[in-house]
1. Determine the calculated [θ] at 222 nm for the chain from helices alone, applying -39500 (n - 2.57) to every DSSP H run no shorter than 4 residues and normalising by the residue count; nearest 500 deg cm²/dmol.
2. Treating only the Cβ of Lys, Arg, Asp and Glu as charged (+1, +1, -1, -1), what charge dipole size does the range 449-566 show about its Cα centre? Round to the nearest 20 debye.
3. Would you report the distance distribution of C-alpha pairs in the range 326-432 as whole percents per 10 angstrom bin, up to the bin with the largest distance?
4. Quick one: how many lysine pairs in the range 196-321 have C-alpha atoms under 28 angstrom apart, if they're 8 or more apart or on different chains?
5. At a 1.4 Å probe, what is the % contribution of carbon and sulfur to the accessible area of the range 109-249?
6. Report, for the chain, the % of DSSP beta bridges that are antiparallel, rounded to 5.
7. Taking Cα pairs under 8 Å and at least six residues apart, what relative contact order does the chain come out at, in percent?
8. Can you classify the range 434-576 as rounded, prolate or oblate using the Cα gyration tensor, where a ≥ b ≥ c are the square roots of its eigenvalues, rounded means a/c under 1.5, and otherwise it's prolate if a/b beats b/c and oblate if not?
Amino acid sequence: MKKGISLILLQLFAVSLMAQKNLPVYLDDAQPIEKRVEDALSRMTLEEKVKMVHAQSKFSSPGAPRLGIPENWMSDGPHGIRAEVFWDEWNQAGWTNDSCTAFPALTCLAATWNPEMAALYGKSIGEEARFRNKNVLLGPGVNIYRTPLNGRNFEYMGEDPYLASRIVVPYVQGVQANGVAACVKHFALNNQETDRHGVNVTVDDRALYEIYLPAFKAAVTEGKAWAIMGAYNRYKGQWCCQNEYLLKDILRDEWKFDGVVISDWGGVNNTEQAIYHGLDMEFGTWTDGMKSNASNAYDQYFLANPFLSLLKSGQVKEEEVDKKVRNILRLIFRTTMDRTRPFGLFVSQEHSLAARQIAEEGIVLLKNDRSILPLNLDQTKNILVVGENAIKMMTIGGGSSSLKAQYEILPLEGIKNKMGSAVTVDYARGYAGEKDTQQDGLRAADIVDNRSADELITEACQKAKKADVVIFIGGLNKHAGQDCEGSDRQELGLPYQQDQLISALAKANSNLVVAIISGNAVAMPWVNEVPAILETWYLGSEAGNALANVLTGQVNPSGKLPFTFPVQLSDVGAHSLGDFPGENGEENYQESIFVGYRWFDKNKIAPLFPFGHGLSYTQFAYGKATVSSPKLQINKTLTVSIPIRNTGKKAGKEIVQLYIGDSESSLVRPIKELKAFQKINLAPGEEKIVEFEISMDDLKFFDDRYHEWIVEPGTFTAYIGASSADIRSSVDFEL
Ligand code: BGC
């Protein structure tokens, strides 16, 4: 009997060996991927190829079923895995198993200044995507923060190309370790929502290469991103999804990108350019790709029947569709057809913990006079929480990044849970925003309040007078015109008379903590009236817990701003020069490379809070910076060192920033630019020497006269500081 079983097993083994031997090359994962790509391609008909290069539903595109090659399934991105929608409608399909973990917004991730947090983020969201059988995650976004009015800034990583690069690479790697492609978006120059489908950006090559492209380049060349999404806007007169210069010259030729270029949804505008300029896949927002309903909609896409007819008639060579299909097959082999990829994980304790850790590390303590934070719970018997954002869901809304989260701990809830019975927590609305309770087909808690602003302010102030501490939780939200895709903000100021409310609260109770929930800088005319201010971003599922942990000091805040907070709009380059949002569809980036702190430095404008700013519940003393050698030799490195000591009584993390300035150059350069940073953990009294290695690459600028990164000999200064405006020590060296 036993013998019989062994024989059968042996036979099965032999059969499977034979089967493996006869496997077509494309199914044999022992074969090199390029060989498999060519083999699969050689077996496909023209019709099968054309089907592959455009959508078949809102978020999927066909594989080649005859050959057993699976479909591609995508999902937004970038803060969690979006709920399932109907095949051909934007409405949610009403599944009961698609409520995800909501991770903090990417501005918060950037504010951690911690590549380890980015790796954790990428790994976790990648696991959620994998579990949900998505092979492309539509994110992360790395468009540079050019103006605080951009409605989508919350989905991006701030104003500095170096910081964004250091954060995007581990995010991409973390996602892709799951066999899920990260689709980095929106390539490129998508820095506003106003007229986003039409606006033509004019920018000089220096700003393009030094400011707007580095994070994309890092994602592609270091992170090895398998997909990239074209932007809606135009550049050099061509839509970015079919832009020869961006997609062919830069992405393919300069960066050697071998992944898939996916159009933004409805971002393709004509067949010819879509064929020849480097796009691989067309997706659409409306049923006919551009406008409204039509039958056989997907067949009408620019890269569908119109493409097929051109191929069939011989007007376009088959090689053009082959180029696209090669990239798509490579994507499929890297993802769905990689049999070794892990299985993913969805809504787990690990993911909640990851979301909370990232949130806690990203919260920025902007101001803390009288050390009013952390709350002194021995002396606090009652707390008043004020503000709509304390009770408003923020995982819903904002456009395509809107999520159906399995849960979201709201700030008021988080604070109440944390305080337990020892402290009384009362609540006053203070202000009321939009009246609609429905967003993206989901109910965002019933929080309509029809009282007038005066009534709400009066009530809040009366209660504030009786409280030991008042915590105001306001800011922006995910409605159109605020932090939301599809439109830009109209002003820097807070909406719904919050400024008036905050000033009134400050008069009613001097122990006022202001927590701003936003993905953008806001004006703070009351900045000198309140002792403590926190920027708390959109924090996802664990929002309330993370905030409560920082308020009580269980977590010592360690985030720093990834963008400058201006006092007023006219302090920002794009606004000062009057470009934004462009005229007659033309937007000229006249400020060139002077974006964010580069502009503030150059024009000696004092920001409200500078790039890189963030306080801690402890203090750090910076020693004197020294350099390992006074001269940087060609192709060598030198080390800049500085001792940092925790002089306070609590353990804490400090983000030590290194900026470099060039004393003389043939082209104008910023006073200084971020070139390195380290986030270090110090126990009370502990000192560490932080070392930064500097190479010639850190001294280069993009010389548009030669289209090359160049370095010129001379004197350079390494500035080390706690923010871009708080330089603690500097040291010169020569090249
Ligand atoms: C957005 C993209 C998003 C896509 C799919 C577009 O409107 O710009 O960021 O990934 O929709 O939802």
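1. Taking each H run of at least 4 residues, the total per residue is -7500 deg cm²/dmol.
2. 320 debye
3. 10, 26, 32, 16, 8, 8, 1
4. Lysine pairs meeting both conditions in the range 196-321 amount to 16.
5. It is 51 percent, rounded to a whole number.
6. The antiparallel fraction comes to roughly 60 percent.
7. Computed over the chain, the figure is 14 percent.
8. Cα axes put the range 434-576 in the rounded bin.
The values are calculated or read from the model by the stated rules, or taken from the named source; none is laboratory data. A quick note: this is a predicted structure, and the numbers were derived from the prediction, not measured. FYI the Cβ positions are ideal-geometry reconstructions off the backbone, even for glycines, and counts take in every protein chain you see. The area values use the complete protein model at the heavy-atom level, side chains included, leaving out ligands, DNA and RNA. Shrake-Rupley method; radii C 1.70, N 1.55, O 1.52, S 1.80 Å.
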